[in-house]
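Down below is the structure, laid out as structure tokens.
The values are calculated or read from the model by the stated rules, or taken from the named source; none is laboratory data. Quantities reported herein were computed from a predicted structural model and do not represent experimental measurements. Positions of Cβ are backbone-derived with ideal geometry, glycine not excepted, and every protein chain shown enters the neighbour counts. Side chains are part of the model used for accessible areas, which takes the heavy atoms of the whole protein and leaves out ligands, DNA and RNA. Shrake-Rupley method; radii C 1.70, N 1.55, O 1.52, S 1.80 Å.
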Amino acid sequence: MLCLGIDSGTTSTKTLVLDVESGKILASAQQSYEPIPGLPRGHVEQDPQTWIDAVSVTIRESLAQIGNRKSDIVAIGVSAQQHGLVTLDAKNESIRPAKLWCDTSTASQTEKLNKAFGIVEELIERTGNAMVPGYTAPKLLWLKENEPQNFRRIRTVLLPHDYVNFWLTGERQMEHGDASGTGLLDVRTRQWYRPLFDFVDKNLFSKFPPLRSSTRPAGLLRNSLREEWGLSGEILVSAGSGDNMLSALGTGNTKAGMVTVSLGTSGTVYAFTEQPIIDSKGDLAAFCDSTGHWLLLACTMNVAVGVQRIASLFGWDVPMLEAKVASVPAGARGLLFLPYLQGERLPNLPRGSAVLHGLNLENMNPAEIARSVIEGITMGLAYGLKRVVDLGIEPTELRVTGGGSKSALWRQIVADVFGYPVAALKVTEGAALGAAIQAAWTYCQVKGKPVALEKLVRDLIKIDKKSRKDPRKDNQALYTDLRGRQKDLTRKLAASGYL
């Protein structure tokens with residue numbers, strides 16, 4: 001039995017073929033792309049057709065790699081970036097480019113939504129989450145206020161993974177996990193909070209597709225695609241979910257004490273919880289997961305972009321970047337980076353900008369600057385882990401995923417900054433693997449041969465033991481001091497209006 005796992009991300013789509021019996025990844029493919037260039041600061045958008053083209057290319061490449069075994073494909077699962085706003089007209093055509101999770105142009109609409117329901121604390125009480133610019137709800141209000149002609153054309157609102165599922169199956173729906181990131185769901189009850197819909201527009205609720213459990217399939221692969229790809233029989237498409245939900249599944253984050261750190265386009269720290277844990281400060285999100293439980297999640301916006309820009313700035317490839325960073329001691333000789341290149345979600349600084357602090361003649365060098373960028377990004381994420389611990393989650397281990405997890409140097413910095421042992425997995429793209437596992441799990445249920453999710457996770461997810469990094473005590477003390485300095489500097493500059 002083979003399953004396809006698709007992860008449609010911000011800068012690339014990855015597809016893999018999982019052999020469920022052996023646990024082996026038989027094929028994989030990746031297609032890169034970027035957001036639409038030239039938009040004003042704060043606006044980050046993509047044409048949804050970009051995702052479809054990339055999914056099509058990577059599926060074709062993956063199937064070509066397995067040859068005749070493509071007849072063993074039985075199910076497909078889709079993970080995608082969260083929060084993006086996809087709007088369809090009466091002909092089911094995209095009305096405009098999708099505003100993405102990292103689009104901060106909706107800051108004023110976010111403030112309106114928070115204020116309309118009292119204060120942030122009251123909105124948290126009603127839905128479990130504060131409203132932040134990345135969520136889908138303020139994007140809808142932005143569209144109504146700034147492009148009313150486009151808003152009036154809306155017949156269907158979808159999230160990115162819903163849109164890919166719609167293309168695959170012809171069926172429109174949302175599931176609880178990704179729907180959590182709209183800001184419109186009461187995560188405790190898994191029901192829409194209707195007053196928020198009505199505040200945006202009295203007809204908005206009718207534009208949303210049915211809300212279903214993440215354990216129910218989205219539908220069957222359309223015959224035209226099945227024939228085009230040379231697949232046989234009925235191919236099930238599982239519900240799919242947002243990238244964080246399926247990355248949790250793909251890293252084995254399905255029991256208490258497990259914490260995942262994702263180093264991708266965004267940075268996330270999240271923990272499985274049996275019941276919803278609500279952060280009264282609004283720093284962490286309480287999201288439904290894709291297994292019928294919840295995730296306590298911290299998200300920062302500036303991870304891969306910072307590292308990529310530094311490498312590009314100095315003309316380095318990845319091995320050279322790592323060598324240069326490794327040549328500099330922890331702490332970058334006093335250079336500190338505030339990583340708010342395109343605004344930030346944690347802390348909530350949608351109009352923020354980055355800062356290099358502490359430059360002097362000893363550290364004004366490419367290697368020190370590069371190290372300070374990676375350290376600053378990691379320390380920003382460490383605040384999220386601290387809040388997770390403050391809210392009662394004691395990690396037993398940290399599992400790191402995403403592109404950054406491939407770097408031994410970065411894994412060591414994560415261990416030193418976070419103060420916990422860190423290990424990567426043999427399959428570093430957790431979201432795509434999680435999508436394939438969800439597809440297998442759903443397929444077995446539908447066929448009347450249910451398999452416990454715990455067994456699939458145990459059989460299919462393997463730790464790369466050689467990747468383990470333990471925290472170094474000397475560096476822990478240094479980074480604790482630097483984290484305090486980063487937090488204090490952020491607070492002072494934000495209060496003064498300089499961020």
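Taking all protein chains as shown and a probe of 1.4 angstrom, R172 keeps an accessible surface of around 90 Å². Given a 1.4 Å probe and every protein chain left where it sits, what share in percent of the accessible area of the range 270-322 is carbon and sulfur? The nonpolar share, carbon plus sulfur, comes to 55 percent. If you add up the charges near K14, with Lys and Arg at +1 and Asp and Glu at -1, over every other residue whose beta carbon is less than 10 angstrom from its beta carbon, what do you get? Surrounding charge for K14 is -2. Estimated at 0.36 nm per residue, the fully extended path between A90 and R212 surpasses their Cα-Cα distance by 41.6 nm.
Taking amide H atoms as placed 1.01 Å from N in the peptide plane, the amide H of T401 lies under 5 Å from those of V261, S262, L263, each 5 or more residues away in sequence or on another chain.
Only protein heavy atoms count here; on that basis, with a 1.4 Å probe, M174 has an accessible area of about 0 Å².
May I ask you to give the percent of accessible area on the range 14-91 that is carbon plus sulfur, with a probe radius of 1.4 Å? In the range 14-91, the share of accessible area belonging to carbon and sulfur is 48 percent.
Could you pull out the trypsin sites (Lys or Arg not before Pro) across the range 391-432 that fall in loop regions by DSSP (anything but H, G, I, E, B) with no more than 15 other Cβ atoms inside 10 Å?
Values: sites: R399, K406, R411, K426; in loops: K426.
Here the sparse-neighbourhood loop sites are K426.
What the phi angles of the range 317-324 give under the Karplus curve with 6.51, -1.76 and 1.60, with θ = phi - 60°, is a coupling list of 8, 4, x, 5, 4, 5, 5, 5 Hz, glycine and proline written as x.
Rounded to the nearest 20, the Cβ-based charge dipole of the chain about its Cα centre (Lys and Arg +1, Asp and Glu -1) stands at 200 debye.
Could you tally the net charge around K139, taking each other residue with its Cβ under 9 Å from the Cβ of K139, Lys/Arg +1 and Asp/Glu -1? Please list the in-between numbers first.
Details: positive: K99; negative: D103.
Charge balance in the 9 Å sphere: 0.
The charge dipole of the range 1-105, taken about the Cα centre with unit charges on the Cβ atoms of Lys, Arg (+1) and Asp, Glu (-1), comes to about 40 debye, rounded to the nearest 20. Accessible area per residue for the range 1-147, computed on protein heavy atoms with a 1.4 Å probe, is 36 Å². Using a Förster distance of 51 angstrom, determine the FRET efficiency expected from the C-beta separation of Q149 and S280, and round it to 0.05. With R0 = 51 Å, the Cβ-Cβ based efficiency is 0.80. For the range 194-200, putting each phi into the Karplus relation 6.51 cos²θ - 1.76 cosθ + 1.60 with θ = phi - 60° gives couplings of 4, x, 5, 4, 5, 5, 5 Hz, in residue order, rounded to whole numbers and with x for Gly and Pro.
Across the range 405-430, the residues whose backbone nitrogen lies under 12 Å from the label position 7 Å along the beta-carbon direction of R472 are 409-410, 412-417.
Bridge orientation summary for the chain: considering DSSP beta bridges with both residues in this region, about 70 percent are antiparallel.
Using the Kirkwood formula on the Cα atoms of the chain, what hydrodynamic radius do you get, in angstrom to one decimal? Numbers along the way, then the final one.
On the way: mean 1/r = 0.0439 Å⁻¹.
About 22.8 Å, per the Kirkwood formula over Cα pairs.
Could you do me a favour and compute the accessible area per residue for the range 220-287, 1.4 Å probe, result in Å²? It would help to have the intermediate numbers written out before the result.
Working: 2040 Å² over 68 residues.
About 30 Å² of surface per residue is accessible.
On a per residue basis, the range 361-403 carries 35 Å² of accessible surface, using protein heavy atoms and a 1.4 Å probe. Take every Cα pair under 8 Å whose residues are at least 6 apart in sequence, average their separation, divide by the length of the range 360-460, and the relative contact order is 21 percent. Can you work out the FRET efficiency for the pair T11 and L359, with r the C-beta to C-beta distance and R0 = 30 Å, to the nearest 0.05? Computed FRET efficiency for T11 and L359 comes out at 0.50. Note on R309/E45: beta-carbon distance plugged into 1/(1 + (r/R0)^6) with R0 of 25 Å gives a FRET efficiency of 0.80.
A simple rule links phi to the HN-Hα coupling: the Karplus curve 6.51 cos²θ - 1.76 cosθ + 1.60 with θ = phi - 60°, which for the range 50-57 gives 4, 5, 5, 4, 5, 4, 4, 4 Hz, with x for Gly and Pro. Between the alpha-carbon centres of the range 388-457 and the range 290-317 there is a gap of 16 Å. The distance linking the range 207-228 with the range 349-372 is 47 Å (Cα centroid to Cα centroid, whole angstrom).
Got a number for carbon plus sulfur as a percent of the range 359-479's accessible area, 1.4 Å probe? Mind dumping the intermediate values first?
Details: 2740 of 5130 Å².
Heavy-atom surface of the range 359-479 belonging to carbon and sulfur, 1.4 Å probe: 53 percent.
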